[in-house]
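*Asks:* Right, I'll just put the structure down here and ask away after.
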Amino acid sequence: MTDTMALALAAVLMAAAPLILATLGETLTEKAGVINLSLDGSILLAAMTAFAVAVTFDSPWLGMLGGMAVGAAIAGLLGVIGIFLGQSQLAVGFILTLLARDLAYFLGHSFSRQPGPDLGLWTIPGLGEVALIGPVFGSRSPVVHLSLVAVFLCWWWMYRTEAGIRLRAVGESPRAAFGRGIRVRLVRLWYCLAGGALVGMAGAAYSLAVKPGWGRPQGCEGAGWIALAIVIFGGWHPVRAALGAVLFAALQVSGIYLQDIFPSIPAPVFQVAPFPMMILTLLAVNMGRVGWIQDLVRRHPLLKRFSRGWSFDPPAALGQDFDPRKGL
Amino acid sequence: MIVLQDIHKHYGRVRANDGVSLTLEPGRIYALVGENGAGKSTLMRVLAGHTRPTSGTIDLGGRTVAFLTPTLAREHGVGMLYQDPLDFPAMPIWENFQLGAPKRTKGQVFDVIGELSYRLDACFLPDEAVSSLTVGERQLLELLRLLDLGATTLILDEPTTGITPEQKRELFDLLMKLAREENHTIVLVTHKLSEALEMADAILVMRQGAIVATLTPPYDEGELVLRMFGDAAESEGADAPGPATPRPAALDAPPRLRLDNVVMAGPKYSMGPMRFSARPGECIGLAGLDGSGQELFLRGLCGLDRMPGGTLTLDGRAYTTNDFPVLRRAGVHFVPADRLEMALFPALTLREHIALAFPGRSDELDAFYQSQCVERFNLRAHPQTRASELSGGNQQRLLLSLIPDHAALLLMEHPTRGLDAGSARQVWSHLHDRCRAGATLIFFSPDLDEVLAHSHRVAVFYDRAMAAVVDRARATTEVVGALMAGKDPDQVLGGGQ
């Protein structure tokens with residue numbers, strides 16, 4: 001029984017790993033006030049690049065670096081056009097996502113359906129024997145470990161370092177940040193690049209671990225859009241966003257199990273079900289905005305205490321451009 | 001010593017600063033006065049490094065530069081405090097305090113905040129979010145932060161808007177102490193002459209982008225007004241008494257508005273149950289610090305915030321829910337302080353605004369525009385102008401002209417926000433006309449003098465509740481100020497309420 005549970009949990013974490021990486025990347029970027037809508041295309045192009053590099057040099061880790069570089073490059077393009085040239089981040093992001101997708105299929109054609117290396121499994125010595133966590137983490141793909149470490153690092157960076165304060169400051173009020181001597185546009189570009197690299201890592205995680213190989217379709221199509229939704233679901237907080245990614249993966253994986261239990265229900269139902277489930281969850285999480293629930297919370301001290309610090313507000317300056325030459 | 005030489009700042013064709021030269025010496029308090037749009041704020045932003053001048057030089061203790069950056073200004077000890085504090089409401093106090101300062105640990109920041117708070121008689125909980133503070137506290141936090149950064153030249157842009165008279169007293173004492181004992185330079189940007197006369201060692205008068213006079217004590221108030229407003233000032237100066245306030249209906253007349261045990265609830269807090277009533281023709285001013293409840297009161301009355309309990313009676317009709325469209329049809333009209341953001345459509349023309357507000361008149365729109373906006377409200381703009389291109393005064397004129405004549409209850413947030421003295425007078429004279437015709441006005445202004453000057457009764461809010469309602473005869477700055485600061489109404493009003 002515990003083995004089945006461990007297996008299911010491991011499957012969930014595996015499916016969640018690239019989603020976690022992509023949501024973390026977008027959370028970083030949006031927390032700095034920039035919306036990067038190119039996620040879906042970036043993931044695809046990064047997945048292709050990662051696989052192509054891994055095949056060519058026979059090194060999956062070099063492949064992952066390649067994927068990260070591609071993700072960062074696309075985000076950098078968006079950053080320069082959106083932040084420094086003052087164009088609409090939304091429009092540029094949309095175009096980039098379409099461009100990157102077509103580019104991925106076109107350039108990746110020769111690598112289609114080819115065998116290639118993958119990231120394999122990491123066996124952490126001694127961990128396998130530990131009760132409960134052993135079967136889940138003992139011998140798993142490194143992307144699982146990477147994604148979980150990334151959650152901690154992102155949280156630590158955002159909420160426990162000076163750089164993290166600056167990151168949130170430029171996303172909250174670029175004017176005030178400028179007044180404090182922060183180079184707003186540079187900071188924003190930097191987190192565009194960092195976020196893009198994480199998104200690229202998500203792409204590499206697909207083609208080198210979760211759904212190894214390249215082809216059309218690769219299997220990661222749509223992941224970028226769901227990651228964008230999960231960022232909102234997570235209220236722009238790295239840990240909550242990661243939980244959202246795990247929840248979505250759990251819904252997907254449970255569909256596989258449920259299919260066996262209810263063979264009479266058509267399979268597509270289980271494939272589509274996670275999407276409306278996410279919308280319902282989003283509604284439940286954001287109940288605090290509804291008037292009568294606010295009244296209820298105010299009347300009950302316990303609920304009131306629980307609701308404190310439970311903010312789902314977007315960064316106040318999300319998507320707004322800022323030009324220091326125009327002054328305050 | 002700081003010397004500004006021949007500073008020009010042009011925004012397109014607008015010359016916000018047109019050749020300003022200025023010397024600031026340590027240990028002195030300067031007041032920079034002038035009407036809205038005279039260029040005071042622009043000049044101070046240049047000095048704080050928040051905006052680059054088009055031309056001119058800035059001399060800081062021997063070093064001459066063409067422009068400053070915020071970092072450079074800080075290195076030379078220049079710090080600026082904005083009217084709307086330039087901070088990060090969603091972030092904790094200690095992070096706000098630390099941003100822009102040299103590297104320190106969280107513990108050190110806590111210690112510094114505690115130490116400075118003790119010295120300046122303030123109290124801050126460093127882990128709380130800045131959004132939980134009042135405007136006055138946010139200003140004080142900014143002041144603490146600037147002092148911690150070693151600021152020796154402090155620029156304060158309209159620092160007394162939205163704080164109580166008592167807080168103002170404390171702030172002025174603190175500034176006086178900083179100037180006299182610690183040799184700081186203080187620049188007070190203000191449009192209130194009384195503050196300038198009270199505090200300043202020198203008053204710099206700005207008009208149309210230039211410094212037109214530098215006055216030193218003993219001051220002649222008449223001369224100051226003359227310098228500020230030019231020749232037109234003598235007949236109608238800034239502080240000239242407004243037109244006579246209209247008389248409200250008799251006490252035994254049926255009330256326009258009655259609230260019975262009304263509870264109001266906004267996104268952040270709720271308040272009540274409240275009892276309140278207002279007569280036709282009455283002007284009721286709301287006084288209170290930011291977030292004390294007056295905003296929720298106005299928004300709840302018109303249906304923008306919820307009314308979960310109680311009965312609202314308007315002209316004899318009782319309502320237990322406050323549905324915005326229903327109340328609007330019954331004659332309740334709300335005019336927000338954020339005109340462009342909340343009340344107008346920035347990209348639509350004036351003609352389109354009129355067409356939207358008066359749907360039945362589409363065939364004779366231009367004639368109607370002429371009679372309604374131009375002749376009645378003195379709105380001198382072409383009907384094809386977009387709302388976003390209007391000045392603050394014209395925006396307010398447009399908004400007032402869009403309110404139908406049968407409006408029974410006018411709810412106004414800061415009716416004269418951002419208006420120059422002339423436009424403000426015009427707005428008030430129009431509002432008085434409305435009251436004379438029988439409308440009831442309930443308004444809020446962060447400027448206590450404005451509230452006192454135009455109210456038959458003043459409703460004071462404190463700590464998210466209506467603390468007291470004071471008659472005109474007893475509503476003095478001291479009484480209302482004490483109530484705003486949370487003094488017991490029974491004590492302040494002698495138990496007579």
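*Asks:* Tell me which of these residue B:131 doesn't satisfy, since it passes every other one: (1) assigned to a loop (DSSP other than H, G, I, E, B); (2) surrounded by fewer than 19 Cβ atoms within 10 Å (Cβ to Cβ).
*Replies:* Of everything listed in (1) assigned to a loop (DSSP other than H, G, I, E, B); (2) surrounded by fewer than 19 Cβ atoms within 10 Å (Cβ to Cβ), residue B:131 misses just condition (1).
*Asks:* List pairs: first residue in the stretch A:190-213 and outside any helix (DSSP H, G or I), second residue surrounded by fewer than 24 Cβ atoms within 10 Å (Cβ to Cβ) anywhere in the structure, Cβ distance under 7 angstrom, at least six positions apart or on different chains.
*Replies:* A:211/A:218; A:211/A:219; A:211/A:220; A:212/A:118; A:213/A:116
*Asks:* Please work out if residue A:153 is away from chain B (no Cβ under 14 Å), modelled with pLDDT of 95 or more and crowded, with 21+ Cβ neighbours inside 10 Å.
*Replies:* No, not satisfied.
*Asks:* Let me ask something additional. Could we say that residue B:104 is within 24 Å of residue A:163 (Cα to Cα), basic (Lys, Arg) and facing chain A (nearest Cβ under 9 Å) here?
*Replies:* yes
*Asks:* Please find, within the stretch B:351-374, the residue that is farthest from residue B:333 (Cα to Cα) out of those that are of a type in the set (Asp, Glu) and either under 35 Å from the mean Cα position of the chain (by Cα) or outside any helix (DSSP H, G or I) (or both).
*Replies:* Among them, the one singled out is B:366.
*Asks:* So for the stretch B:135-152 (the condition being hydroxyl-bearing (Ser, Thr, Tyr), more than 30 Å from residue B:414 (Cα to Cα) and touching a Lys or Arg at 6+ places or on another chain (Cβ under 7 Å)), does at least one residue qualify?
*Replies:* no
Rundown of residues vs (1) at pLDDT 80 or above; (2) more than 12 Å from chain B (Cβ to nearest Cβ); (3) closer than 27 Å to residue A:220 by Cα, yes/no style:
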position: A:268; (1), (2), (3): yes, yes, yes
position: A:271; (1), (2), (3): yes, yes, yes
position: A:282; (1), (2), (3): no, yes, yes
position: A:289; (1), (2), (3): no, no, no
position: A:303; (1), (2), (3): no, yes, no
position: A:311; (1), (2), (3): no, no, no
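*Asks:* Would you point out the residue of the stretch B:282-292, among those that are crowded, with 20+ Cβ neighbours inside 10 Å and modelled with pLDDT under 90, that is farthest from residue B:331 (Cα to Cα)?
*Replies:* That would be B:289.
Listed here are the residues, each with its yes/no results for (1) in contact with an Asp or Glu (Cβ under 7 Å, 6 or more places away or on another chain); (2) crowded, with 21+ Cβ neighbours inside 10 Å.
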{"position": "B:346", "(1), (2)": "no, no"}
{"position": "B:357", "(1), (2)": "no, no"}
{"position": "B:367", "(1), (2)": "no, no"}
{"position": "B:377", "(1), (2)": "no, no"}
{"position": "B:388", "(1), (2)": "no, no"}
{"position": "B:396", "(1), (2)": "no, yes"}
{"position": "B:408", "(1), (2)": "yes, no"}
{"position": "B:422", "(1), (2)": "no, no"}
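*Asks:* Scan the stretch A:120-140 for residues that are assigned to a strand (DSSP E or B) and touching a residue at least 60 places away in the same chain (Cβ under 8 Å) and jot them down.
*Replies:* Across the stretch A:120-140, the qualifying residue is only A:140.
*Asks:* Next up: Say whether the condition of being within 14 Å of another protein chain (Cβ to nearest Cβ) and within 21 Å of residue A:239 (Cα to Cα) is met by at least one residue in the stretch A:130-137.
*Replies:* no
*Asks:* Those residues that are in contact with a Ser or Thr (Cβ under 9 Å, 6 or more places away or on another chain) and modelled with pLDDT under 75, I need them from the stretch A:105-130; list them, please.
*Replies:* Listed by number, the residues that qualify are A:127, A:128.
*Asks:* Could you tell me whether residue A:92 is touching a residue at least 60 places away in the same chain (Cβ under 8 Å), assigned to a helix (DSSP H, G or I) and either loosely packed, with under 14 Cβ neighbours inside 10 Å or at negative phi (or both)?
*Replies:* Against the criterion (touching a residue at least 60 places away in the same chain (Cβ under 8 Å), assigned to a helix (DSSP H, G or I) and either loosely packed, with under 14 Cβ neighbours inside 10 Å or at negative phi (or both)), residue A:92 does not qualify.
*Asks:* Right, here's the next one. May I ask you to verify whether residue B:144 is away from every other protein chain (no Cβ under 14 Å), of a type outside the set (Asp, Glu), part of a helix (DSSP H, G or I) and within 25 Å of the chain's Cα centre (by Cα)?
*Replies:* Judged against the criteria, residue B:144 is a match.
*Asks:* Moving on to the next point. For residue B:138, state whether it is closer than 25 Å to residue B:190 by Cα, touching an Asp or Glu at 6+ places or on another chain (Cβ under 8 Å) and of a type in the set (D, E, K, R).
*Replies:* Yes.
*Asks:* Let me ask something additional. For the stretch B:262-286: of the residues being within 14 Å of chain A (Cβ to nearest Cβ) and not hydrophobic (A, V, I, L, M, F, W, C), which is farthest from the chain's Cα centre (by Cα)?
*Replies:* B:273
*Asks:* Ok, one more. May I ask you to list the residues in the stretch A:183-203 that are within 11 Å of chain B (Cβ to nearest Cβ) and surrounded by fewer than 23 Cβ atoms within 10 Å (Cβ to Cβ)?
*Replies:* The one that is within 11 Å of chain B (Cβ to nearest Cβ) and surrounded by fewer than 23 Cβ atoms within 10 Å (Cβ to Cβ): A:183.
*Asks:* May I ask you to verify whether residue A:169 is surrounded by 22 or more Cβ atoms within 10 Å (Cβ to Cβ), in contact with a helix residue (DSSP H, G or I) (Cβ under 6 Å, 6 or more places away or on another chain), assigned to a helix (DSSP H, G or I) and within 11 Å of chain B (Cβ to nearest Cβ)?
*Replies:* For residue A:169, the condition - surrounded by 22 or more Cβ atoms within 10 Å (Cβ to Cβ), in contact with a helix residue (DSSP H, G or I) (Cβ under 6 Å, 6 or more places away or on another chain), assigned to a helix (DSSP H, G or I) and within 11 Å of chain B (Cβ to nearest Cβ) - is met.
*Asks:* Here's another thing I want to ask about it. Just for the stretch A:172-182: of the residues that are of a type in the set (D, E, K, R) and part of a helix (DSSP H, G or I), which one is nearest to the other protein chains (Cβ to nearest Cβ)?
*Replies:* The extreme case among them is A:172.
*Asks:* Looking at the stretch B:157-166, can you tell me whether even one residue there is surrounded by fewer than 19 Cβ atoms within 10 Å (Cβ to Cβ), of a type outside the set (Asp, Glu) and closer than 27 Å to residue B:449 by Cα?
*Replies:* For the stretch B:157-166, residues surrounded by fewer than 19 Cβ atoms within 10 Å (Cβ to Cβ), of a type outside the set (Asp, Glu) and closer than 27 Å to residue B:449 by Cα: present.
*Asks:* So, in the stretch B:82-101, of the ones that are within 9 Å of another protein chain (Cβ to nearest Cβ) and among the aromatic types (Phe, Trp, Tyr), which residue ends up nearest to residue B:162 (Cα to Cα)?
*Replies:* That would be B:82.
*Asks:* Between a first residue in the stretch B:45-66 that is assigned by TED's automatic domain parsing to the domain that holds residue B:77 and a second residue that is among the acidic types (Asp, Glu), which pairs have beta carbons less than 6 Å apart while being 6 or more apart in sequence or on different chains?
*Replies:* Listed by first residue and then by second, the contacts come to B:56/B:6.
Per-residue answers, yes or no, for (1) more than 10 Å from chain A (Cβ to nearest Cβ); (2) modelled with pLDDT of 90 or more; (3) in a strand (DSSP E or B):
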site	(1), (2), (3)
B:36	yes, no, no
B:43	yes, yes, no
B:46	no, yes, no
B:50	no, no, no
B:53	no, yes, no
B:57	yes, yes, yes
B:64	yes, yes, yes
B:72	no, yes, no
B:80	no, yes, yes
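*Asks:* Turning to a different aspect of this structure: Is it true that some residue in the stretch B:467-481 is of a type outside the set (D, E, K, R) and under 23 Å from residue B:327 (Cα atoms)?
*Replies:* Within the stretch B:467-481 (the criterion being of a type outside the set (D, E, K, R) and under 23 Å from residue B:327 (Cα atoms)), the answer is no, since none of the residues qualifies.
*Asks:* For the stretch B:325-338, state whether one or more residues are outside the structural domain of residue B:460 (by TED's automatic domain parsing), of a type outside the set (Gly, Ala, Ser), surrounded by 14 or more Cβ atoms within 10 Å (Cβ to Cβ) and part of a loop (DSSP other than H, G, I, E, B).
*Replies:* Within the stretch B:325-338, one or more residues are outside the structural domain of residue B:460 (by TED's automatic domain parsing), of a type outside the set (Gly, Ala, Ser), surrounded by 14 or more Cβ atoms within 10 Å (Cβ to Cβ) and part of a loop (DSSP other than H, G, I, E, B).
The values are calculated or read from the model by the stated rules, or taken from the named source; none is laboratory data. Please read all numbers here as calculations on a predicted model, not as lab measurements. Note that each Cβ is placed from the backbone with ideal geometry, even for glycine, and that neighbours are counted across all protein chains shown.
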